[in-house]
Amino acid sequence: MSVLIVLALMALLAGAGFAPIAARFGRVQASQTAAAALVAALALLAPLVPEAMSGQVVVASWSWLPEWGLDLAFRFDGLSLLFALLILGIGLLIVLYASYYLPVSDRMGRFLGLLLVFAAGMLGIVLSENILLLLVFWEITSVTSFLLIAYKYEAHDARIAARMALAVTGGGGLAMLAGFLLLGHIAGSFELSDILARGAQIRAHPLYAPTLLLILLGAFTKSAQFPLHFWLPNAMAAPTPVSAYLHSATMVKAGVFLIARLHPALAGTELWFGLVSSVGAATFVYGAYVALLKHDFKGLLAYSTISHLGLITLLFGLDTPLSVVAGVFHIINHAIFKASLFMAAGIIDHECGTRDMRRINGLFKYMPYTATLGIVAAGAMAGVPLLNGFLSKEMFFAETIEHPHFGIHTWVLPVFATIAGMLSVAYSTRFIHDVFFNGEPINLPRSPHEPPRWMRFPVEILVLLCVAVGIAPQLSVGPLLDAAAGAALLGKLPHFELAVWHGFSLPLVMSFVALAAGIVYYVNRRFLFELHERYLPDLQSPVAFERVYQAMTAVAGKVMALVDSGAPRRYLAPLLVFAIALGLWAYWSAHLTGVSLALAGTAAGAPAGPVVQALALAGLAALAAGCLGVVACHRQRLLAIIFMSVVGLVVSMTFVLLSAPDLALTQISVEVVTIVVMLLALRFLPARAEAAEPRGRRLRDMALAGLAGGGVAALSYAMLTRPFETISNFYLANAVPGGGGANAVNVILVDFRGFDTLGEITVLAMAALGAHALVSGLRLSPYAGSASREADRHPIMLAMLVRPLLPLALAVSLYILLRGHNLPGGGFIAGLVTSVALILQYIACGIDFGRARLPLDQPRLIAAGLAIAGATGAASWLFGAPFLTSAHGHVHLPLIGDVELASAMLFDLGVYLVVVGGTLLVLTELGALSRRELGAEGPTQEPVSQKPATREPASWS
Amino acid sequence: MELIVAAGIGLLTACGLYLVLRAETFSVVFGLTLLSYAVNLVLFASGRLVANAPPLLIEGVARHTDPLPQALVLTAIVISFGMTAYLVALALRAKGESGRDGFDDGDPT
């Protein structure tokens, strides 16, 4: 049963994946997919509803990172049920609404995908049992709300608004992470069930205050509490369906949800009361005051949202059982009327083309039906009797009377509440009066009329709910409220009665006073606007945030400039000096403590005959010539490359001489491709670097390099002459019985240390793809002899010679691949040989010639190689063995001989493919670079297919 | 023999480092290539220098040198190719974006 919780989340995520795909077939299909996902999530949670309604908690838990206390633990109780209904139910209405609101040119794939991921994040928050998991979902909502607010990313203000929302809510999320870690530390568990049960222990802990502050910071930023509210009005840059969703039922409700959720663990102290109620109260009044001043009706709704969130926070801060009930009740009511108001506002915006209430007037005449819906919803917002807002507001008024915290000054809270209520009435009145009455529309971009039938439908549903709850509260939401508030109070639900008429009482008087005073306040608004303009013009502008933000980016830029000077040698030189100094210091301090300073150790050198000695000396001489040649000619790059190849050759020979045939083969083939890469690049760089560097710097660098080189030589010599112990006897002893191969190096690569090799080919693949990404699309003009001057770019002799070579070379590489397990060879070497063979064809005959005959998609080749290697490893799971366990057996093939058919062979095939794909990708990309430049300069290119047998003019160089 | 190899490694390191300290991207590519030779040789030499003892468990080969450093170096060689290719691509890209083949280096110290 409990697995259904996870399935519901999965349904939303699956919908997020499928909706963009469905969008390719049409908007209707996309909307249907998204709606299906939301309905599926509702249906999956439905079987759990009876338990949640009866006050039970369903918990489902899977171990994830147990050592960090992070489990995939989910819970479903009354509070989760309430929020799941709001998230999924209003989500459904939003999907329907958005398909009418968004322009037809918008395919909606991105919108619906993001919306569903966001909904999944929200649902995850309310369904989490583990608070660290809750935080993961919390961050998902932060990121997706960023993307949703910036949905119209071409608009500058949308980007700014999204950035601000992310910075504020993301920052709050970080604070909350710290708070959660502290909370987990105090409670000894990250599971909500444990935390909620240990409230007394948590509140008595010395770390209670910082914990509470950090967690509340997270909740307050998310729920836009004063003074961290400023991101919310700016977030109105989002499309209205997003605003309607984020700012009624979801995003901003996450903060108050968290307060409700952790209420049993954290509430009940002076600190909680002082902090939560004062922040809530300030937000309540501030939002209500500013809302009236907004000429943009979406801005008015945004500030009213802030105000109502403040009210909910205040109710949780008052911290009596009944105020918690009222808070939960107002969460429901606010979600319903605010979603409908936002959607109605979107319709008006859509029909009028503006949101300025100084121009939009008298719409009742043009769209009476929508106007009625908007008026009813705004009435609910104002707290007019017989609508849902009235009930929760009256519960609030009742709670303010004789609150235990105010002692003899019992009048303070009720008076405050009445004033705040008056402000709410005032802005609601403005919304109704300005938009629907108050004369005629002024200069509207479009002539307003009723929207399409189904665009209004979501508003109708919600307004109907407003009325239903307002008239028959116990019947409509009574049981749900009991379950949700019960969960927030851990089952200690106080007695209360949901009824429209409680008799003639003080709260009722307060309600009517607020209504009357609010209308009076609104009537005198011009006077108030003037006062505001004169004294507080900057009250709601987020200038401070921008200033802080800009200052922080400037500081970050300065720090970066300090750390990263842009020239590697600036930080390499000090590093070198330091390393040399460290080496010398270690040497001298060892000397001072009496350790022998002799570099040569006691181990006998390798027995080497005079021939080997002579060869080695000759090699050293060649190496010296090569190295010094590179250094001397590094400004004449072509020469330097030639010297470079000498060095590579000597290194390969060293491997031959010192019993490393595999290395020698690898080195020599890598050498070929490296030199080709360098030559290809040389075309686009001046063959000679321009100005010589100052002599002083060159001398200094020479001294540094010489010292470092001497140190490395000394260390190597010391190492080589020291006694030697190895762990390799295991590999030598087990290569044949365990790995089924006689070539110990290859067996280590593909079997014993196969996981390392998998990592290494992944790195190679990434490097190749990275180089591909860097060069693709790049246009460079060549330096060395221009293309048109190179008359004979594919010499016919070379082409004729090379073509018959290809099958031979491929046969050799296949042979090397197959024999690799027993004799020098294997995937790496075979891959390089194949690459060299193909490159030779490209050089001799042109890239088009090669591509026309052997169409290779290198990235796919790389992917196939990695997939094969990975699948080989994963296949051993099927046999109950760990990743990359190999199995082997010998097969005798005609001509080739005894072939090891181990699963490791398949792995080696993966290596082979990655190497071929990687090297060819880089080389063809660099080759294509010069072809692009040719195409731009415009020598005529003949189609390849016309004369396949002769030399192609289309070239590769 | 040990002395010769150690000298070779030292030479490669010195030349590689000198080139890495140059201002042009292409010299740095050369330098890093030389340095990777040096590093590969040090790694390889940690298995000590033995002639005529390939790590092949076949008839006719009596002695076997240490296969582990060889396995490490083999992949290192291939990866250093990947790195060189990436660096070259980076140098070309930088050239394409900034029109220069050197590092952004305002202050000639």
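The values are calculated or read from the model by the stated rules, or taken from the named source; none is laboratory data. None of these values were measured; they are calculated from a predicted model. Here the Cβ positions follow ideal geometry from the backbone for every residue, glycine too, while neighbour counts run over all protein chains shown. Accessible surface areas use protein heavy atoms only, side chains included; no ligands, DNA or RNA. Shrake-Rupley method; radii C 1.70, N 1.55, O 1.52, S 1.80 Å.
Normalising by residue count, the stretch A:691-842 has a Cα convex hull of 223 Å³ per residue.
Placing +1 at every Lys and Arg Cβ and -1 at every Asp and Glu Cβ, with all other atoms neutral, what dipole size does the protein assembly as shown have around its Cα centre, in debye to the nearest 20?
That gives the protein assembly as shown a dipole magnitude of about 1940 debye.
Comparing A:Ala36, A:His772, A:Leu490 along the charge dipole axis of chain A, the residue lying farthest to the positive side is A:His772, per the Cβ-charge model. What lysines sit close enough to A:Lys294 to cross-link, taking a C-alpha to C-alpha distance under 26 Å and skipping anything fewer than 8 places away on the same chain? Within the straight-line limit of under 26 Å, A:Lys294 reaches these lysines: A:Lys152, A:Lys222, A:Lys253, A:Lys338, A:Lys365, A:Lys393.
Per residue of A:637-643, how many C-beta atoms from partner chains lie within 10 Å of its own C-beta, taken as a mean? Walk me through the intermediate numbers first.
Numbers: counts 6, 0, 0, 4, 2, 0, 1.
Mean shielding count: 2.
Subtracting the Cα-Cα distance of A:Ile727 and A:Thr885 from their residue separation scaled by 0.36 nm leaves 54.8 nm. When the alpha carbon gyration tensor of the stretch B:1-84 is reduced to an equivalent ellipsoid, its three semi-axes come out at 30, 15, 7 angstrom, largest first.
Within the accessible area of the stretch A:46-108, what % is carbon and sulfur when the probe is 1.4 Å and the other protein chains stay in place?
Here carbon and sulfur together make up 66 percent of the probe-accessible area.
Going from the chain on its own to the full set of protein chains, the stretch A:565-591 has these residues losing 20 Å² or more of accessible surface (heavy atoms, 1.4 Å probe, no ligands, DNA or RNA): A:Gly566, A:Ala567, A:Pro568, A:Arg569, A:Arg570, A:Leu572, A:Leu576. Comparing A:Val611, A:Ile419, A:Ala187 along the charge dipole axis of chain A, the residue lying farthest to the positive side is A:Val611, per the Cβ-charge model. Equivalent ellipsoid of the stretch A:428-502: semi-axes from √(5λ) of the C-alpha gyration tensor, largest first, are 39, 16, 12 Å. Unpaired Cys in the protein assembly as shown, meaning no second Cys C-beta under 4.7 Å: A:Cys352, A:Cys466, A:Cys633, A:Cys845. Along its principal axes, the stretch A:376-458 has C-alpha extents of 58, 28, 17 angstrom, given from the largest down. Largest GNM mean-square fluctuation among B:Leu74, B:Leu56, B:Leu21, using chain B with Cα springs under 10 Å: B:Leu56. Build a GNM of chain B with springs between Cα atoms under 10 Å apart, and of B:Thr25, B:Thr65, B:Thr13 the one that fluctuates most is B:Thr65.
Approximating the spin labels as points 7 Å out from Cα along Cα→Cβ, the A:Arg534-to-A:Gln201 distance works out to 6.1 nm. Measuring only protein heavy atoms, the 1.4 Å probe finds A:His403 accessible over about 10 Å². Taking the protein heavy atoms of the stretch A:640-688 in the context of the full set of protein chains, the accessible area attributed to carbon and sulfur is 84 percent at 1.4 Å. The HN-Hα couplings worked out from phi for the stretch A:804-818 by the Karplus form 6.51 cos²θ - 1.76 cosθ + 1.60 (θ = phi - 60°) are x, 6, 4, x, 4, 5, 5, 4, 4, 5, 4, 4, 4, 5, 6 Hz, whole numbers, x standing for Gly and Pro. Give the Debye-formula value of log10 I(q)/I(0) at each listed q (0.16, 0.18, 0.20 Å⁻¹), with one equal scatterer per alpha carbon of the stretch A:217-297, two decimals each. With no solvent term, the Cα-only Debye profile gives -0.66, -0.81, -0.97.
Using the alpha-carbon atoms, what tilt in degrees (0 to 90, nearest 10) does helix A:543-563 show relative to the longest principal axis of chain A? Roughly 20 degrees between the two axes. The longest stretch of chain A left intact once loop-based trypsin sites (Lys or Arg not before Pro) with at most 13 other Cβ atoms within 10 Å are removed from consideration, loops following DSSP, is A:25-357. As a fraction of the 1.4 Å probe accessible area of the stretch A:206-321, surface on carbon and sulfur atoms comes out at 77 percent. Per the Kirkwood definition applied to all pairs of different Cα atoms, how many angstroms is the hydrodynamic radius of the stretch A:266-395? For the stretch A:266-395, the Kirkwood estimate is 15.5 Å. Using R0 = 60 Å, the C-beta based FRET efficiency linking A:Asp157 and A:Ala618 works out to 0.25. Sorting the segments A:719-730, A:368-379, A:186-197 by their mean number of nearby beta carbons within 10 angstrom, highest to lowest, gives A:368-379, A:186-197, A:719-730.
Which listed residue (A:Val736, A:Gly709, A:Gly696) has the Cα farthest towards the positive end of the charge dipole for the stretch A:690-749, taking +1 on Lys and Arg C-beta and -1 on Asp and Glu C-beta about the Cα centre? Checked the options; the winner is A:Gly696. Backbone amide hydrogens, once placed in the peptide plane, bring A:Ser223 within less than 5 Å of A:Gly255, excluding anything fewer than 5 places away on its chain. Among A:Phe390, A:Phe879, A:Phe230, the sequence by solvent-accessible area, most first, with a 1.4 Å probe is A:Phe879, A:Phe230, A:Phe390. A 1.4 Å probe run over the protein chains yields, for the protein assembly as shown, 40 Å² of accessible area per residue, whole-number rounding. With a 1.4 angstrom probe, the accessible area lost at the A-B interface totals about 8600 Å². Between A:Trp64 and A:Leu878, the FRET efficiency estimated from the beta carbon spacing at R0 = 22 angstrom works out to 0.35. Based on the reciprocal of the average 1/r between different C-alpha atoms, the Kirkwood radius for the protein assembly as shown equals 34.4 Å. Take each residue of peptide A:764-772, count the partner chain Cβ atoms within 10 Å of its Cβ, and average: the result is 5. Sequence-ordered 3J(HN,Hα) estimates for the stretch A:255-262 from the Karplus curve with 6.51, -1.76 and 1.60 and θ = phi - 60° stand at x, 5, 4, 4, 4, 5, 5, 8 Hz, glycine and proline given as x. With the cut-off at under 14 Å, measuring from each backbone N in the stretch A:739-760 to a point 7 Å along the Cα-to-Cβ line of B:Leu90 picks out no residue.
Using just its DSSP H runs of length 4 or more, each adding -39500 (n - 2.57), chain A gives a mean residue ellipticity at 222 nm of -22500 deg cm²/dmol after division by all residues. How much of the pair distance distribution for the stretch A:174-268 lies past 15 Å, counting alpha-carbon pairs only, in percent? Looking at the stretch A:174-268, the distances longer than 15 Å represent 62 percent of pairs. Placing a label point 7 Å from the Cα of A:Met1 along the Cα-to-Cβ line, no residue of the stretch A:484-507 has its backbone N under 11 Å from it.
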